[in-house]
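Written below as structure tokens is the structure these notes are about.
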Amino acid sequence: MWCTTFAFQPWHSAVELKRYLHRFFQELPRIHNLGGVRRTPYNQYDSIVRPLVHWLEARGVRFVTGARVSDLDFRYGPAGKSVETVHYVEAGIQRAIALRDEDLVLVTNGSMTAASSLGSMSSPARLIDDTRGGSWALWETLAGKHTGFGHPEVFTRSIDESKWLSFTVTLSDPTFFTLMETFTGNVAGTGGLVTFTDSSWLMSVVLAHQPHFLGQPDGTQVFWGYGLFIDQTGDFVKKKMSDCTGEELLVELLGHLGFEAQKDAILNAANCIPCMMPFITSQFMPRSAGDRPAVRPAGTTNLAFIGQFCEITDDVVFTVEYSVRSAQIAVYSLLGLDKSVSPLYKGQFDASVLLASARTLVS
Ligand SMILES: Cc1cc2nc3c(=O)[nH]c(=O)nc-3n(C[C@H](O)[C@H](O)[C@H](O)COP(=O)(O)OP(=O)(O)OC[C@H]3O[C@@H](n4cnc5c(N)ncnc54)[C@H](O)[C@@H]3O)c2cc1C
């Protein structure tokens, strides 16, 4: 459960595993049914991103999409170095923003979803390994010119160790959800992951509460799944998971579930889209001190790094919380606000948590 819930692979960073064990120690007594997982009513984009964007736009925030920041120029002064120009490309045209003295720059360095690609019911998702996308490119450019801005290559150089494949299935027939409800005893949205421990792909699926998307038509259901060992041969489809079409992924899933009798009905009503993510666990790759830049790099006046690849002591990556905390650190310190960053819960120092978890381990 630990491995599939948090997507750890045997070759990932021991430091990160230790941080996770500390951070989620209190979950051990309910890890078997993932009772500690809280879900948003809809998918996270509809439940969190849309309302936030709406709230921010109403307060004058201007979002520019379809533009890629390519470089930052710095000027040097007694207080340290300050970003003075943001270079970006929009619709193929190179543009620049000259910063005013009061402007601040927050850079998301690195991306776990960069270079993701989609397949279809009849084609696999192709691995894109020759491009790392804007977020990585910007970080590489900055790190190449400045010390103290980290080492992006540590996270991108072993795609075979950071990739995995997910798939999203849209169904126009309730058979699959009804069978799953009977099989697991969970109404969709009330359970956690269903992991097939015998699956050579180490496949898991998640059935969220329906509707999962705003505007999802009545009678349509959506679920999501993934595999961690995507270069292994399947148990029912004799192919590597990474080479499978959406239909083949579903055949493998239905094989593990033993839904043979309903297989054709489910397949005929399904659209399964595979998604290859080359860098999805790049944040878990083994690293050394200094490979991730500090949120506020020493010697800079108006710059911060935010997201999954900056350093926050003791906190755990692959979480929205990490990005939010990095933004809190950046904003409070750049603006000199007298506010505290949300504290980390440290269950390992709570005797009742220790006792409950120890009981689980020995039971
Ligand atoms: C499949 C999956 C499952 C997950 N499950 C969970 C979970 O259960 N719980 C949890 O807490 N977290 C989960 N996460 C992790 C969580 O979604 C991420 O950590 C979080 O979304 C990262 O947010 P961010 O704002 O730091 O970065 P992003 O969401 O990557 O946003 C950065 C934005 O900046 C833009 N950008 C970057 N560089 C540039 C540039 N140079 N120019 C212009 N724009 C740029 C990008 O296009 C993007 O829009 C999951 C992630 C995935 C992919």
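Checking each residue in the range 185-201 for being in contact with a Phe, Trp or Tyr (Cβ under 7 Å, 6 or more places away or on another chain) and modelled with pLDDT under 95 picks out only Ala188.
Considering the range 15-43, the residues that are among the hydrophobic types (A, V, I, L, M, F, W, C) and more than 19 Å from the chain's Cα centre (by Cα) include one that is most open to solvent (accessible area, probe 1.4 Å), namely Phe25.
Here the range 154-167 is the region considered, the condition is being open to solvent by 50 Å² or more (accessible area, probe 1.4 Å) and not in a loop (DSSP other than H, G, I, E, B), and the residue that is nearest to Met276 (Cα to Cα) is Asp160. Quick check on Pro278: is it out of contact with any helix residue (DSSP H, G or I) (no Cβ under 9 Å at 6 or more places or on another chain), buried (at least 16 other Cβ atoms within 10 Å of the Cβ) and either touching a residue at least 24 places away in the same chain (Cβ under 8 Å) or not assigned by TED's automatic domain parsing to the domain that holds Ser172 (or both)? It is false that Pro278 is out of contact with any helix residue (DSSP H, G or I) (no Cβ under 9 Å at 6 or more places or on another chain), buried (at least 16 other Cβ atoms within 10 Å of the Cβ) and either touching a residue at least 24 places away in the same chain (Cβ under 8 Å) or not assigned by TED's automatic domain parsing to the domain that holds Ser172 (or both). Only residues that are within 16 Å of the ligand (Cβ to nearest atom), assigned to a helix (DSSP H, G or I) and aliphatic (A, V, I, L, M) were counted in the range 317-358, giving 6. No other residue among Ser158, Ser172, Ser204 is within 12 Å of the ligand (Cβ to nearest atom) and in contact (Cβ under 8 Å) with a residue 40 or more places away in the chain apart from Ser204. All conditions in (1) in a loop (DSSP other than H, G, I, E, B); (2) within 16 Å of the ligand (Cβ to nearest atom); (3) acidic (Asp, Glu) hold for Asp291, with the sole exception of (2). Residues of the range 308-330 that are over 18 Å from the mean Cα position of the chain (by Cα) and crowded, with 17+ Cβ neighbours inside 10 Å: Gln328, Ile329, Ala330. State yes or no: is Leu267 part of a helix (DSSP H, G or I), among the aliphatic types (A, V, I, L, M) and surrounded by 18 or more Cβ atoms within 10 Å (Cβ to Cβ)? Taking the combined requirement at face value, the residue does not satisfy it. Considering only residues in the range 247-264 that are of a type in the set (Asp, Glu) and within 26 Å of the chain's Cα centre (by Cα), the one that is surrounded by the fewest Cβ atoms within 10 Å (Cβ to Cβ) turns out to be Glu247. If you go through the range 72-84 and keep only what is open to solvent by 60 Å² or more (accessible area, probe 1.4 Å) and touching a residue at least 40 places away in the same chain (Cβ under 8 Å), you end up with just Ala79.
Could you check how many residues of the range 3-36 are of a type in the set (A, V, I, L, M, F, W, C) and touching a helix residue (DSSP H, G or I) at 6+ places or on another chain (Cβ under 8 Å)?
Matching residues across the range 3-36 total 9.
Among the helices (runs of 4 or more DSSP H) confined to the range 1-107, the ones with at least 2 residues that are within 15 Å of the ligand (Cβ to nearest atom) and at pLDDT below 95 are located at 2-6, 14-23. I need a count of the residues in the range 44-71 that are closer than 24 Å to Glu84 by Cβ and open to solvent by less than 80 Å² (accessible area, probe 1.4 Å). Number satisfying all stated conditions: 7.
Here is a check on your reading of the model: is Phe223 open to solvent by less than 40 Å² (accessible area, probe 1.4 Å), at negative phi and either among the aromatic types (Phe, Trp, Tyr) or modelled with pLDDT of 95 or more (or both)? Yes: the conditions hold for Phe223.
Of all residues in the range 287-307, none satisfies being open to solvent by less than 50 Å² (accessible area, probe 1.4 Å), free of Cβ contacts under 8 Å to residues at least 24 places away in the same chain and not β-branched (Val, Ile, Thr). Within the option set Leu142, Leu179, being more than 25 Å from Leu267 (Cα to Cα) and either touching a Phe, Trp or Tyr at 6+ places or on another chain (Cβ under 6 Å) or not in a loop (DSSP other than H, G, I, E, B) (or both) holds for one residue only, Leu142.
Count of the range 109-153 residues, restricted to those that are under 25 Å from Cys310 (Cβ atoms) and either within 11 Å of the ligand (Cβ to nearest atom) or surrounded by 22 or more Cβ atoms within 10 Å (Cβ to Cβ) (or both), is 21.
The values are calculated or read from the model by the stated rules, or taken from the named source; none is laboratory data. Quick caveat: nothing in here was measured; it's all calculated off a predicted structure. With ideal geometry, Cβ positions are generated from the backbone for all residues, glycine too; neighbour counts draw on all protein chains shown. With ligands, DNA and RNA removed, areas are computed over all heavy atoms of the protein, side chains included. Shrake-Rupley method; radii C 1.70, N 1.55, O 1.52, S 1.80 Å.
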